[in-house]
Amino acid sequence: MSGVPAASPDGPRLWPVPSADAEVARMKAVRRYNILDTPPDGAFDRVAAMAARLFDVPVASVTIVDADRIWFKAVHGLDGVAQIGRDPGLCGSAILRDDTLVIPDTLTDPAACTNPLVTGPLGVRFYAGAPIITSDGHRLGTVNILDTKPRLITENDTATLADLAAMVLDAMELRLSGLRLLREEQERRKVQEEARAQAERDTEAITAFATTLQRTLLPPSLPVVPGLELACHYQTDSPRDVGGDFYDVFPLGGQRWAFFLGDVCGKGAEAAAVTSLTRYTLREAAQHHEDPTDVLNALNSALILDPSMGSRYCTCVFGTLHPAPDGGFTVTVAMGGHPPAFHVQHAASDEGGLVVEGVRPRGGMLVGALEGAQFASHTFHLAPGHGLLLYTDGLTEARLPDGAMLGEEGVADFLTTRTAPDAGRLIEDTVALLAGLPAGPGDDVALLALSVPLEPVAGGPATASTAHTLATTPADSAARTGQEH
C-alpha cells in the first residue's frame with residue numbers, strides 16, 4: 001500500500017486529555033456492553049482476520065480499553081496475548097480521538113516509540129487504529145492493524161478501517177440486544193416460576209383446608225354396633241372443593257341405632273355450612289322422634305327457617321335399627337328425594353350371586369326445598385347374611401365407557417354378580433367398580449354399608465368390623481380403601 005500519510009510523524013503530538021467525568025462515563029458505557037473477559041466470538045474474530053487480509057498486515061486486533069488495561073476481544077497474528085497495559089502511543093491513544101489514528105513509523109512518534117509493543121519483541125513499526133464509537137459518543141476500544149515495518153495508507157484505507165470499527169459496534173449492539181432479550185426472558189421465567197410456585201403453595205393450602213374441613217363434616221370413625229358390620233367410603237371429586245355428601249351412624253339408646261346418608265346440593269363453604277347444620281339437626285331430631293319421617297320433617301323445617309341456608313336443599317335417607325330375635329335388625333328408612341338403598345342377600349339357587357332389592361318408599365320429596373314437604377318410610381328385616389348399601393348419586397351418575405351413566409340399574413346389576421353381601425366386601429367391590437371406569441365418578445361419592453354376619457363372633461356377641469376411608473381423588477380411592485378391625 002502507498003499514498004499520502006494520514007498523519008505526519010514530524011513534531012510532537014498533542015493528545016487531548018479526557019476529564020475524570022468523561023472517563024467515568026466512558027467506563028460506564030464499556031460496562032453496559034458486558035463484553036470484557038468474554039470468550040472468543042466468531043463475529044469479532046472475522047473482523048480481525050478481514051482487517052489483516054484487507055491491509056496485508058501480520059497483526060490485526062479488536063480491543064476494548066478498560067480502566068487500567070487494553071483487553072483483546074479478537075486478535076489475528078498475535079498468539080498468547082490477552083491484554084496489555086494501558087500505555088499511551090497506540091490503542092490507549094487511539095480512543096482519545098474520533099478519527100482513525102495512523103502512525104506510519106512508530107520510532108519517529110514521541111508517544112508511540114516508548115510503547116511496549118514497539119520496544120518489545122514484536123517490534124511494531126506501523127500502527128493504525130479506528131475507535132469503536134457508540135451512538136452517544138463514547139469510545140469503547142479500537143480496531144487496529146499493525147506491521148513490523150513502516151508504511152503509508154490512504155484516506156480510503158482509514159475510512160475502511162473506520163467501517164470495520166462500525167461493524168464491531170454493530171456486533172456489540174446485536175450482542176447487547178441478545179443479552180437484554182435473554183435477561184428479559186430469564187426474568188419472565190423467574191416471575192412465572194415464582195407465580196407457579198405461589199400458585200402451588202396456594203393450591204396446597206386450599207387442598208389442606210378443604211380436606212380438614214371435609215373431615216370435620218364426617219365421623220372420624222364408625223361406631224361398634226353389636227351384631228352389625230359397618231363399612232364406608234368417601235371420595236371427593238376435587239381435593240380443592242368441600243363436597244356436600246355426608247353420612248353417620250350413632251346410638252339412640254335402648255339398643256337402638258340410627259344411620260343416615262345424604263347429599264347437599266353444591267360444593268364449597270356454603271355446602272359445608274348446610275352439611276354441618278344437616279348432620280347436627282338429624283342427630284338432635286333423632287333423639288326426640290322415633291319415626292324417621294318426623295326426623296326428616298324436622299330437618300326440612302330447619303333448612304327452610306334458617307335464612308343463612310338460602311335456597312340450599314339436600315337429598316337424604318334416614319334409618320333406624322332395632323335388634324331382632326333372630327340376630328338381625330328391623331330397619332325403618334325414610335327417604336327425602338334420595339336414590340334407593342340396595343338390600344342384598346345370597347341367591348337361593350346353587351348358581352351363586354346375590355339378590356338385590358331396591359329400597360325406595362313411595363313418595364319422599366327433596367329436603368329443604370318446600371315447606372310441608374312429604375316424606376315416606378319403609379320397614380324391612382335385615383336378617384343374618386343380609387347387607388344394605390346406601391350411596392349418593394355420584395355413583396349412579398358415573399359414566400360407562402360408552403358415555404352412558406351407570407344408573408341405579410347398572411349398580412344393581414353389578415351387585416348381583418358379587419359373591420358376598422357383607423359390608424366390607426360391598427364397599428370394596430363398589431369402589432373397584434368406580435376405579436375401573438375410564439373417567440371415574442364425575443361427582444363426590446359417599447358409600448355406607450351395613451350387614452349382619454351369618455354367625456356371631458365366637459366367645460361373645462358379634463361386634464362391628466368397620467372400614468372408614470376418605471379419598472380425595474378417584475385415582476387414590478381404591479388404594480386407600482380397606483378394613484380396620
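The values are calculated or read from the model by the stated rules, or taken from the named source; none is laboratory data. These figures come from a predicted structure and were not determined experimentally. Virtual Cβ from ideal backbone geometry, glycine too; neighbours counted across all protein chains shown.
Some notes on this structure:
- Candidate set: segment 260-302, residues that are under 42 Å from the mean Cα position of the chain (by Cα), of a type in the set (D, E, K, R) and within 24 Å of Thr379 (Cα to Cα); chosen: the one modelled with the highest pLDDT: Arg283
- Candidates Gly358, Gly372, Gly387 - the one that is out of contact with any Cys (no Cβ under 7 Å at 6 or more places or on another chain) and farther than 26 Å from Val225 by Cα: Gly372
- Single match in Leu354, Leu388, Leu454 (criterion: under 44 Å from the mean Cα position of the chain (by Cα) and in the same structural domain as Gly328 (by TED's automatic domain parsing)): Leu388
- Total residues in segment 385-419, condition in contact (Cβ under 8 Å) with a residue 40 or more places away in the chain and not in a helix (DSSP H, G or I): 14
- Conditions (1) closer than 23 Å to Leu426 by Cα; (2) crowded, with 24+ Cβ neighbours inside 10 Å: number failed by Gly368: (1)
- Among the residues of segment 120-136, the one identified as charged (D, E, K, R) and more than 17 Å from Thr106 (Cβ to Cβ) is Asp136.
- Residue list for segment 42-89, restricted to those being of a type in the set (D, E, K, R) and in contact with a strand residue (DSSP E or B) (Cβ under 7 Å, 6 or more places away or on another chain): Asp45, Arg69, Lys73, Arg86
- Residues in segment 394-411 that are within 27 Å of Ala383 (Cα to Cα) and either surrounded by 18 or more Cβ atoms within 10 Å (Cβ to Cβ) or not assigned by TED's automatic domain parsing to the domain that holds Leu354 (or both): Leu395, Thr396, Val411.
- Qualifying positions in segment 258-290 - in contact with a Ser or Thr (Cβ under 7 Å, 6 or more places away or on another chain) and more than 25 Å from Asp443 (Cα to Cα): Ala258
- If only residues of segment 49-76 that are without any contact (Cβ under 8 Å) to a residue 40 or more places away in the chain and small (Gly, Ala, Ser) are counted, the one that is surrounded by the fewest Cβ atoms within 10 Å (Cβ to Cβ) is Ala49.
- Residue check, Val143 of a type in the set (Val, Ile, Thr) and modelled with pLDDT under 95: no
- For segment 420-438, the set of residues classified as touching a residue at least 12 places away in the same chain (Cβ under 8 Å) and part of a helix (DSSP H, G or I) consists of Ala423, Gly424, Leu426, Ile427, Glu428, Asp429, Thr430, Val431, Ala432, Leu433, Leu434, Ala435, listed by residue number.
- Scanning segment 30-87 for residues that are basic (Lys, Arg), in contact with a helix residue (DSSP H, G or I) (Cβ under 9 Å, 6 or more places away or on another chain) and over 15 Å from Val168 (Cα atoms) yields Arg32, Arg86.
- Considering segment 311-333, the residues that are at pLDDT below 95 and in contact with a helix residue (DSSP H, G or I) (Cβ under 7 Å, 6 or more places away or on another chain) include one that is farthest from Phe259 (Cα to Cα), namely Arg312.
- Here Leu122, Leu146 are screened, and the one residue that is closer than 26 Å to Leu36 by Cα, surrounded by fewer than 18 Cβ atoms within 10 Å (Cβ to Cβ) and of a type in the set (A, V, I, L, M) is Leu122.
- 1 or more residues under 16 Å from Asp163 (Cα atoms): qualifying helices (runs of 4 or more DSSP H) within segment 23-139: 42-55, 91-94
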